[in-house]
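Okay, structure first, notes after.
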Amino acid sequence: MFSRIHPFSSIGLLFGLLAPVFILLGKLEVAVVLLSFSYGGGTLEFKKYTSNFQFVLMVVSATCLGIVIDVLHGTGGAMTIVLLLASLATIVRQAFMQQFTYVGLLWVDSGSALLALLLYLWAVPMDAFVWSVWLPPIPIIGAALFLTGAYVQDARYIKRRTRLGYRVQTGKPAPEFELPDENGVPVKLTDFRGKHPVLLIFVRGDWCPGCHMMLRTYERNRLKFMEKGVLVLGIGPDDISVNKDMVQRIGVGFKMLSDDAQTVSGRYGVVYDNPVMAMTIDYAEGIPLPASFLVDIDGMVRYVSRPDRVGEFLDPSLIFSVLDQLPHEARPAWS
């Protein structure tokens with residue numbers, strides 16, 4: 001139970017709930033500080049949990065912070081718009097990954113972040129330095145610009161790598177493998193031959209917020225997969241201990257396999273090079289690509305997520321029509 005508590009976000013929520021008390025007492029500058037810390041609490045766990053708790057906390061606290069700054073300094077609603085735009089730019093791709101994917105609609109969040117910066121520079125008083133109007137928006141805008149800039153930079157390399165598709169294609173045999181799950185138990189793809197269709201979900205790693213959203217999406221659809229007799233296996237580049245912590249923290253019930261040498265992701269062709277990201281993410285063979293492959297009971301690939309829309313795999317309904325064409329297996333896929 002306690003492993004599912006979001007400590008910094010919860011503390012941030014408490015700071016946010018305290019802010020109205022100081023607003024009523026006329027201590028608006030204290031409210032500015034509290035709301036800034038409230039936003040910070042959500043930001044600290046944005047990558048770790050990537051849940052609606054962080055999304056709502058960040059947008060609401062940023063918007064309220066803008067309102068208080070506008071009232072305190074008479075900036076006419078500009079700071080409210082600035083901080084609303086910046087917070088939305090930060091969370092919108094992760095909150096709506098199914099629509100945005102990793103490579104689509106890049107102008108929306110990056111444009112919102114840039115507009116927030118320009119409006120901030122226009123609205124902030126230049127004749128004198130006032131900390132409560134100058135400083136609080138800077139980390140929020142800066143984080144939005146950095147994150148959305150990283151999306152644009154990464155999308156360029158993803159598109160280049162996926163232009164010709166993945167190495168494994170529909171109608172071809174799925175490459176065999178043996179990998180340890182989050183408990184260190186070896187799992188072979190051949191273990192399920194003649195028993196279950198298998199849905200392989202390649203994730204980028206625990207550092208990737210979008211992968212947390214994806215894993216939760218499949219968890220929400222677990223009953224539908226059980227009805228189809230499909231076994232879901234996640235495959236990621238992290239070691240066993242990281243995978244175990246991740247599945248417990250975000251709450252999924254299927255196995256997460258450790259491909260820390262990236263031999264399996266290499267066979268399936270879901271690795272690419274990004275020299276900028278490689279400076280902060282140290283994996284054996286490169287940066288993992290998110291992708292999914294549906295393997296039937298005979299070991300043949302029946303579905304591959306679209307490489308031109310990386311992130312499409314977040315919608316499990318895309319493969320249900322394929323599942324309907326496969327022989328039905330009534331055996332539950334989850335224990």
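The values are calculated or read from the model by the stated rules, or taken from the named source; none is laboratory data. Owing to the predicted nature of the structure, the values given are computational and were not obtained by experimental measurement. Glycine gets a Cβ as well: all are built from the backbone with ideal geometry, and neighbour counts include every protein chain shown.
Results for (1) assigned to a helix (DSSP H, G or I); (2) touching a Leu at 6+ places or on another chain (Cβ under 9 Å); (3) crowded, with 20+ Cβ neighbours inside 10 Å; (4) touching a residue at least 60 places away in the same chain (Cβ under 8 Å), shown as yes or no for each residue.
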site: F8; (1), (2), (3), (4): yes, yes, no, no
site: G16; (1), (2), (3), (4): yes, yes, yes, no
site: S36; (1), (2), (3), (4): yes, yes, yes, yes
site: K47; (1), (2), (3), (4): yes, no, no, yes
site: L65; (1), (2), (3), (4): yes, yes, yes, yes
Restricting to the range 88-133, what's the tally of residues that are closer than 12 Å to T148 by Cβ and polar (S, T, N, Q)?
4
Residue pairs meeting the criteria (Cβ under 7 Å; at least 6 apart or on separate chains; first assigned by TED's automatic domain parsing to the domain that holds T80, in the range 113-127; second β-branched (V, I, T) and part of a loop (DSSP other than H, G, I, E, B))
A123/T75
Check whether at least one residue in the range 41-57 is modelled with pLDDT of 95 or more and over 26 Å from V252 (Cα atoms), and report yes or no.
no
Please state which one of V152, V103, V92 is within 24 Å of A291 (Cβ to Cβ), outside any helix (DSSP H, G or I), in the same structural domain as Y49 (by TED's automatic domain parsing) and not polar (S, T, N, Q).
V103
Only strands (runs of 3 or more DSSP E) wholly contained in the range 170-209 count here; list those with 2 or more residues that are under 29 Å from L44 (Cβ atoms).
198-202
Considering only the range 189-202, I want to know if a residue exists there that is surrounded by 21 or more Cβ atoms within 10 Å (Cβ to Cβ), in the same structural domain as R309 (by TED's automatic domain parsing), of a type in the set (S, T, Y) and touching a residue at least 12 places away in the same chain (Cβ under 8 Å).
no
Members of the range 256-304 that are hydroxyl-bearing (S, T, Y) and modelled with pLDDT of 85 or more
S258, T263, S265, Y268, Y272, S292, Y303
Given (1) in contact (Cβ under 8 Å) with a residue 60 or more places away in the chain; (2) more than 27 Å from V92 (Cβ to Cβ); (3) over 19 Å from the mean Cα position of the chain (by Cα), number of the condition R222 does not satisfy:
(2)
Taking D70 as meeting all but one of (1) surrounded by 18 or more Cβ atoms within 10 Å (Cβ to Cβ); (2) in contact (Cβ under 8 Å) with a residue 24 or more places away in the chain; (3) touching a helix residue (DSSP H, G or I) at 6+ places or on another chain (Cβ under 7 Å), write down the number of the exception.
(2)
Restricting to the range 173-182, count the residues that are surrounded by 12 or more Cβ atoms within 10 Å (Cβ to Cβ) and either within 16 Å of P290 (Cα to Cα) or of a type outside the set (D, E) (or both).
5
When (1) under 19 Å from the mean Cα position of the chain (by Cα); (2) within 20 Å of L34 (Cα to Cα) are applied to S61, the one that fails is (1)
For the range 121-140, indicate whether the set of residues that are modelled with pLDDT of 95 or more and within 20 Å of the chain's Cα centre (by Cα) is non-empty.
yes
For the list (1) more than 22 Å from N243 (Cα to Cα); (2) under 29 Å from the mean Cα position of the chain (by Cα), I need the number of the one condition that F46 fails.
(1)
Looking at R167, is it buried (at least 19 other Cβ atoms within 10 Å of the Cβ) and modelled with pLDDT under 95?
no
